[in-house]
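The values are calculated or read from the model by the stated rules, or taken from the named source; none is laboratory data. Just so we're clear, the structure is a prediction, and the values are computed from it rather than from any experiment. Note that we place each Cβ from the backbone using ideal geometry, even for glycine, and neighbour counts take in every protein chain shown. Side chains are part of the model used for accessible areas, which takes the heavy atoms of the whole protein and leaves out ligands, DNA and RNA. Shrake-Rupley method; radii C 1.70, N 1.55, O 1.52, S 1.80 Å.
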Amino acid sequence: MGCSGLLVLGFVLNVAHCVEILDGDPKLEIPHNLTAVLGEDAYLSCRYLGENEIVTAQWKRQINSKIQSKRLRLAGFINGEPFSRQHDISNPASPTNLTVKMNVSSVEVEGQYICEFETDEENFSENLFLTVVARPYVQILVNAETINGSRYQSVSCSAVGGRPVPQISWLVDGRPPSDYPYTVNVSETAHSNGTSTLSSILRFPTHLQEEDSVICLVQHPTLPNPKLTTVRVETYNLSGELGSNRDYFQDPESLELQEGRSDTVISLQVTGNVPHYNVTCKKDDGPLPEGMELVGSSNLTVQGPLEHQHAGLYECVFSYHQLNATLKFNVTVKPHVIQPVPPTVRVDLQTEDGYRVIECSAADAVPAANMSWLLPEGVSGVSWFNFTSHNGSHSVKGVLLLPACTPWELTAECVINHPAFEEPVNRSITLPLCARPHIAINSSTEWKDGDEYTKVDCSVDSVAPAATITWHAGNGDSISSVHVSLSEMEVQADGLVSARSSAHFLSSLYSGQNVTCRVEHPSLEAPEKRTIHILVHKPPVLSVSVVRQEDSHLWLAVCDCRGEAVGNNLAWVLPKNAKGQTSLHSTYEGRVIKARLTYQFPLAYHEGQDLTCVYHLEHGATEKKTIHIPRYYISAVRVLNHTTPLQSRYSGETIAHRLALQENHHNQRVLLQVEGNVPEYNIDCRRSDGSFVQMDGIAMVFQPALTEQEEGLYTCQASFYHHTATVNIQVEVASEDKHIALAIMICASSAMAILVILAVTLWACCKGNGRTEYKKQESLSALTSLMQEPGSPEVKKPAVTENDKKEFAQQISYSIVIDVKSTV
């Protein structure tokens, strides 16, 4: 921002300040908005322009929170004494001038400030809003990286600790960078102190950047002018020169070489700072001649003797992206007349590192001989040729690598061409076929933690190299490497190589399948296989039962399991909140294991439920056996002797059974019957005093002569574990004296009743006819009710209408009912 801009900004701020003063209280002079820089001092200005005497003058801070809003006293005058409650705020100048200096140490000081003056007559207050800004500082960094052979540069420019967020832009050659090949990534990081950092990264490929510097431009309200930071970056340049291993230069663009030379190298030298470059060379606007090739990126090498076909105009272009440099030079071949000298031919065979090495040499020839290899159809090998010269003669050696072992016999031929030979010379070597390997396979099993594991070993004895062993199961799926041990190789004394591999796995994984050892070896035209069959793993046999234990109130559920590898995989599946106790016992009979899992429980916990014994097989499979615990009950205990029920006067239910026995009779029995589905039960009877009664099976027995002392209430209870039922029996003893007394009482009662009836009948007959028919019927009804059931005749008399009187009188009859109740 230039000087004119600053003047305009100052003018605008001054006008705004004046407007604020005019809009506010005319007796207070205060800027309503103030901007302060973080880390610097700011002055909060407030003046009282009135004439009244100031009682209290102070600055307050408006604090707003989610809970409440309050004003915090900062500094001022009270009773003429200045005060400041903040270490970073100075005391004000005077009671009418509250100007204070504040150190802006954090953005937390930003907010609303209130200037208050209190006089004897009135109070004055105005607000000032303080805005905190932070001046950023600029960091710049250059990084370079190489991706897929191309070099890229990244220039990072950061405006650190700014408030508000700064602005960053770039200049390349005085202009903003174009979208291609430049990319700009901007990121913003907020800091806990209220400031933020803006980072901008300018990235470009070095080979497309021609300028050696870029400029980072940072703009911010705290900076009077944009801050420009210049950083140096890489750029590329190129040129080429010519060199040779011979001093055949006539001028920088011409090269003369000697015919027949076989070690000619033309060196292409490059100067520049590119990381790498590509070189393409051509001769007479066509491809390079046969026998000449570009080695690396700096040497033109002539393989074999130099000939006239190598003469001509060469052009080599060095390039790195858009950068190019061209080198042109003319090669002339000086002829050399020599007499041909035939080579000495020799063939040698060796075995090294699993290969047959065939060497064919044509030594001390003039000129150098040409050599090639002839192999049977379908056979390939690795070959190379070496050329050497000594005292004008040339030697060439060819090396051919073939597998040391093949499943068939083959012949390799070395073919040599030379001017001294009328026809090509052939040298051949025949390689015999290899002996077939010996393959052996065996298996074994072992038990571990109740699981059966199978180990299969496969061994192969063969000539070098060692055979390759892989494992497959079922329909050809490979066995996981987790179960396969690494192959071991051992060289035997006779030169043979032994390879060994083992597969170790859980037998159930491949139960009923074939496990195959697959062997590959150069002596075999196709891989050979050896197979082991894994037997089917039979599940164990389960049986369950429930027994009632003697001398214990607990029941016992028993699960017997017989099979291979039976162990901790056996468990009871019980209902929730089961409180019984389980135990496992195992015995071994060879490979067969007998396991017994027991569960001891009270009958009440599982009555009417199913208990399941589960054997967990591999891969989540299970074998189960279930047994049902019956639901028992005892519905009642009944007395088979003749009894009379005694009922409750309130509910009408039978509370006891009255039973009469004969006095002085021996071995009298009270027969009982238990109704229910329990398989057995205990029954005992007690007198009301708690003493036991002698029992014979389910009968109470009174062996001695019965007396009246045996009378009373007896309680008999039948029980089966927690199931019980009781019956109460009221035993009464009948004697002969009681019978006689009872008969007399019955006779006397009967005679008295007859006399009463006769008296009533005579009285009724003697009554005069003056009484109405209604009175007769009422009397008769009362008498009838009196004779049939107890109660007052007035209570029991029926309601009779006038129409029914005559008909009722004709139907009335008299009866005497005598209810004689006896205990016998």
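Values as computed for the structure displayed
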read-out: Whichever residue in region 637-693 is assigned to a loop (DSSP other than H, G, I, E, B) and touching a Ser or Thr at 6+ places or on another chain (Cβ under 7 Å) and, among such residues, is nearest to Cys716 (Cα to Cα); value: Tyr681
read-out: Close pairs from region 427-449: first in a loop (DSSP other than H, G, I, E, B), partner open to solvent by 70 Å² or more (accessible area, probe 1.4 Å) and of a type in the set (A, V, I, L, M, F, W, C), Cβ under 8 Å, at least 6 apart; value: Leu433/Trp408
read-out: Residue within region 495-503 that is modelled with pLDDT under 80, under 22 Å from Leu433 (Cα atoms) and open to solvent by less than 50 Å² (accessible area, probe 1.4 Å) present; value: yes
read-out: Unique match (being under 30 Å from Val546 (Cβ atoms), among the polar types (S, T, N, Q) and in contact (Cβ under 8 Å) with a residue 12 or more places away in the chain) among Asn682, Asn641; value: Asn682
read-out: Residue match in region 91-99 (condition: open to solvent by less than 40 Å² (accessible area, probe 1.4 Å), in contact with a strand residue (DSSP E or B) (Cβ under 8 Å, 6 or more places away or on another chain) and either small (Gly, Ala, Ser) or in a strand (DSSP E or B) (or both)); value: yes
read-out: Residue match in region 326-333 (condition: touching a helix residue (DSSP H, G or I) at 6+ places or on another chain (Cβ under 8 Å) and among the aromatic types (Phe, Trp, Tyr)); value: no
read-out: Candidates Tyr599, Tyr632, Tyr650, Tyr605, filtered to the one that is at pLDDT 90 or above and either under 30 Å from Gln694 (Cβ atoms) or out of contact with any strand residue (DSSP E or B) (no Cβ under 8 Å at 6 or more places or on another chain) (or both); value: Tyr632
read-out: Residue in region 372-388 that is open to solvent by 60 Å² or more (accessible area, probe 1.4 Å), closer than 15 Å to Asn417 by Cβ, without any contact (Cβ under 8 Å) to a residue 40 or more places away in the chain and in a strand (DSSP E or B) present; value: yes
read-out: Number of positions in region 167-194 that are open to solvent by less than 40 Å² (accessible area, probe 1.4 Å) and in contact (Cβ under 8 Å) with a residue 60 or more places away in the chain; value: 1
read-out: Exclusive hit being outside any strand (DSSP E or B) and either surrounded by fewer than 14 Cβ atoms within 10 Å (Cβ to Cβ) or among the acidic types (Asp, Glu) (or both), set Leu535, Leu524; value: Leu535
read-out: Selection from region 526-544 of residues that are farther than 21 Å from Val484 by Cα and at pLDDT below 85; value: Val536, His537, Lys538, Pro539, Pro540
read-out: Looking only at region 259-295, and only at residues there that are closer than 15 Å to Thr332 by Cα and among the acidic types (Asp, Glu), the one that is most open to solvent (accessible area, probe 1.4 Å); value: Asp284
read-out: Residue that is within 60 Å of the chain's Cα centre (by Cα) and of a type in the set (Val, Ile, Thr), where the choices are Val670, Val678, Val701; value: Val678
read-out: Meets criteria (open to solvent by 60 Å² or more (accessible area, probe 1.4 Å), part of a strand (DSSP E or B), modelled with pLDDT of 90 or more and on the phi < 0 side of the Ramachandran plot) for Lys70; value: no
